[in-house]
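Have a look at the structure below before the remarks.
The values are calculated or read from the model by the stated rules, or taken from the named source; none is laboratory data. Note that the structure is predicted; figures quoted are calculated from it, not measured. Using ideal geometry, Cβ is built from the backbone for each residue, glycine included, and neighbour counts are taken over all protein chains shown.
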Amino acid sequence: MRASQYHINTLKEAPAEAEVTSHQLMTRAGMIRKIAGGIYTYMPLGLRVLKKIENIVREEMDRAGAIELLMPIVQPAELWEESGRWTEYGPELLRIKDRHQRDFVLQPTSEEVITDIARNEIQSWRQLPVNFYHIQTKFRDERRPRFGLMRGREFTMKDAYSFDRNEEDAQASYDRMYDAYMNIFTRLGLTFRAVAADTGSIGGSRSHEFQVIADTGEDLIVYNPDSQYAANIELAEAPCLINQRGNADASMQKVATPEMPKCAMVAEHLQRPLTDTVKSIVVTAEPANEDESAAIYLLMIRGDHELNEIKVGKLEGFERGFRMATDDEIKAAFGCSPGYIGPVNPKAPVTIIADHTVANMSNFICGANEDGFHLSGVNWARDLPEPEVADIRNVVVGDPDPRGGTLSIQRGIEVGHIFFLGDKYSKALQATFLDTDGKPAVMQMGCYGIGVSRISAAAIEQNHDEKGIIWPRAIAPFEVVICPMGWHKSETVRQACEKLYQDLKNQGVDAILDDRDIRPGVMFADWELIGVPLRVTIGDRGLNEGLIECQIRAEGQTHKVPVENGTTYVL
Ligand code: ATP
Ligand code: MG
Ligand code: MG
Ligand code: MG
């Protein structure tokens, strides 16, 4: 590729609405352009990144034995009625009508269509196992589509669906996908972690998320570096954090940073603060739908020494975030004063708290630091043995984990999610086959998503500096850029650049030659912003000594390399 024949249009400023780094940098680098809220054009540079991600995903899916097909974006409502999700899915599901007033959806995911395919295509156990996938546009009418490709409304997902004869085989399919995902995210060059996860509205019983580690991530991950344990904090039945009134703000910041776990554990305090001291807990929650304003829910524990009654109420009119309710507001809403309050995880659906029995309150992890008491609800990976309540009491974030080591918290961006579905969809849609005994049996399913477009944003959240993006080489729009110093003036420079460019092309390296008539400073700034991992600068002065300059974007230092070693260096 030659820059003069390509479309490069970098911007000095990011749009004011771009809140996260990846959104700012992708816009400035000219990779995406917004068309409407959460809907973007992938510009040529952005599309290159997307295609590279897709290729790695496709190669590893194929290697794991999955088979590619392509299902439609527009899907008939009837299938969604059959699964029950026409009513269950909520406002994220975009429903449309055709000219005959028939209902359709723009697919947010494809369980229904693939299960329909399977029930029509698969008659015999001999056709199983099978795993179909596609890489397709999704539409989810997200409530807050404000983070660029991180949370688009229209976005690209790879989704795969496995069908098996029985649960044992289906678990093996799940494991194969787990391994494939490990390979995919390793090849993408990202720092990530697989964590036990909630199954959400898709349903099912076993689930892992693949989280790209980044301080700006929306998810909180609890993990033990010394053992296999890692879980999304959402798995907690009621994530919350209690803190002594007055210190709530400080603790809120703490939970958002890795320092938070440094609280000292007091195992017995799990009971003590709840019974003796804590009279009430306040948790913020996202509104269930767009019309409802964010609410603060109060969970009141009655009884002086026993947790024998829990009351759940709701306080209207709060903005999302961590503003504390005043004493008066709480009194007005619930007729009591709070002892300790402090919201933590705004994603926690509070209705679950209402379902809690007192016994389940033990599923919290409790700790204390100089600020006061902390109580955060962290549950256990569903595929690890459920610990006894007694065990849980001995665990706290930042203190020893009874199984060895310590627990810590990190922020992550969910880039992949795998679910064991069992017969949830196959039963509803009657996807059966004839088993070895000649009798019909219901297929066992799994589903496996990867946020292809989100990965590009997550890679930037994880890898950038003040100059711009630093792409992992595997997904960079170009692997190397050749920057001539004096392209339009020096024949020697032109020849050296052309030679290196052709050599690299012959070796299969994705190189771009910047033959634009622009100042070196502008040229360098463009490529630093765009984030090409390797830059080769070729000028008369260096060539006189037989040298070219190579700069690795992530390091910033320049290495002088003999001109004849240029290709080898890049490789
Ligand atoms: P989130 O919790 O971020 O809303 P999700 O749990 O709803 O994601 P899944 O249903 O698990 O998403 O979909 C599979 C993958 O699709 C996710 O792991 C994520 O990488 C990606 N994804 C989901 N929603 C979006 C979105 N709005 N924009 C971009 N990618 C998305
Ligand atoms: Mg979602
Ligand atoms: Mg999620
Ligand atoms: Mg998910």
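A few points about this structure:
- Identification of strands (runs of 3 or more DSSP E) wholly contained in segment 365-461 with 2 or more residues that are surrounded by fewer than 23 Cβ atoms within 10 Å (Cβ to Cβ) and either within 16 Å of ligand 2 (Cβ to nearest atom) or at pLDDT below 95 (or both) yields 408-422.
- Only listed residue being touching a residue at least 60 places away in the same chain (Cβ under 8 Å), in contact with a strand residue (DSSP E or B) (Cβ under 9 Å, 6 or more places away or on another chain) and surrounded by 12 or more Cβ atoms within 10 Å (Cβ to Cβ), chosen from VAL536, VAL509, VAL561, VAL493: VAL509
- When PHE147 is tested against (1) among the aromatic types (Phe, Trp, Tyr); (2) farther than 16 Å from LEU421 by Cα; (3) touching a strand residue (DSSP E or B) at 6+ places or on another chain (Cβ under 9 Å), just one condition goes unmet, and that condition is (3).
- Test: residue in segment 472-489 that is within 16 Å of ligand 4 (Cβ to nearest atom), modelled with pLDDT of 95 or more and not in a strand (DSSP E or B): no
- Evaluated against (1) of a type outside the set (S, T, N, Q); (2) surrounded by 22 or more Cβ atoms within 10 Å (Cβ to Cβ); (3) within 30 Å of THR41 (Cα to Cα), ALA170 falls short on exactly one condition, (3).
- Members of segment 108-135 found to be surrounded by 19 or more Cβ atoms within 10 Å (Cβ to Cβ) and of a type in the set (S, T, N, Q), listed by number: THR109, SER110, THR115, ASN131
- THR87 fulfils the conditions (1) in a strand (DSSP E or B); (2) at pLDDT below 95; (3) among the β-branched types (Val, Ile, Thr) except for a single criterion, (1).
- Residues that are in contact (Cβ under 8 Å) with a residue 60 or more places away in the chain, under 19 Å from ALA428 (Cβ atoms) and exposed (fewer than 15 other Cβ atoms within 10 Å of the Cβ), drawn from segment 77-107: GLY84, GLU88, GLY90
- For segment 482-525, a residue qualifies if it is of a type in the set (Asp, Glu) and in contact with a Gly (Cβ under 8 Å, 6 or more places away or on another chain), and exactly one does: ASP503.
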